[in-house]
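The values are calculated or read from the model by the stated rules, or taken from the named source; none is laboratory data. No experiment lies behind these values; they were computed from the predicted model shown. FYI the Cβ positions are ideal-geometry reconstructions off the backbone, even for glycines, and counts take in every protein chain you see.
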């Protein structure tokens with residue numbers, strides 16, 4: 001009987017893992033980001049870093065979806081290592097890092113390290129936006145894309 005309880009607990013733990021971890025990149029999923037973000041916002045100074053793989057559709061179109069998956073997996077490994085486990089798969093080829101107790105300059109330094117490492121090790125480029133809030137990081141990411149891609153931008157109001 002005890003083995004049945006152990007097996008059920010193991011099964012439930014596996015379900016929890018599937019609910020919280022992206023199966024391709026092994027990063028936290030977007031819903032976990034929102035749970036953690038709700039705890040951080042308003043309680044600590046923080047930065048949100050949004051990352052998007054440049055021209056990802058062409059990778060899939062030219063080399064196939066398996067190659068695209070390998071790219072995402074390699075980027076996930078870099079993000080996990082560099083963020084100390086605070087990276088999330090936001091969706092598709094977008095990722096997000098939540099950095100509590102971090103100002104925009106420290107976030108920029110980390111983002112540039114990530115950008116350069118992805119380019120060197122994965123042979124693709126990423127654009128990165130940084131802000132205090134998700135919408136700010138998204139706007140900064142858009143500016144990075146708009147200004148030539150393969151760059152990091154910090155949100156500037158106005």
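Here is how the numbers come out for the structure above:
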item: Residue that is surrounded by the most Cβ atoms within 10 Å (Cβ to Cβ) [pool: residues in region 69-85 that are over 17 Å from residue 119 (Cβ atoms) and modelled with pLDDT of 95 or more]; result: 83
item: Boolean, residue 79 is touching a helix residue (DSSP H, G or I) at 6+ places or on another chain (Cβ under 9 Å), closer than 19 Å to residue 123 by Cβ and in a helix (DSSP H, G or I); result: yes
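For every residue, the table says whether it meets (1) touching a helix residue (DSSP H, G or I) at 6+ places or on another chain (Cβ under 6 Å); (2) closer than 27 Å to residue 21 by Cβ; (3) surrounded by fewer than 17 Cβ atoms within 10 Å (Cβ to Cβ); (4) free of Cβ contacts under 8 Å to residues at least 24 places away in the same chain.
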site	(1), (2), (3), (4)
90	yes, yes, no, no
99	yes, yes, no, no
116	no, yes, yes, yes
119	no, yes, yes, no
134	no, yes, no, no
148	no, no, yes, yes
155	yes, no, no, no
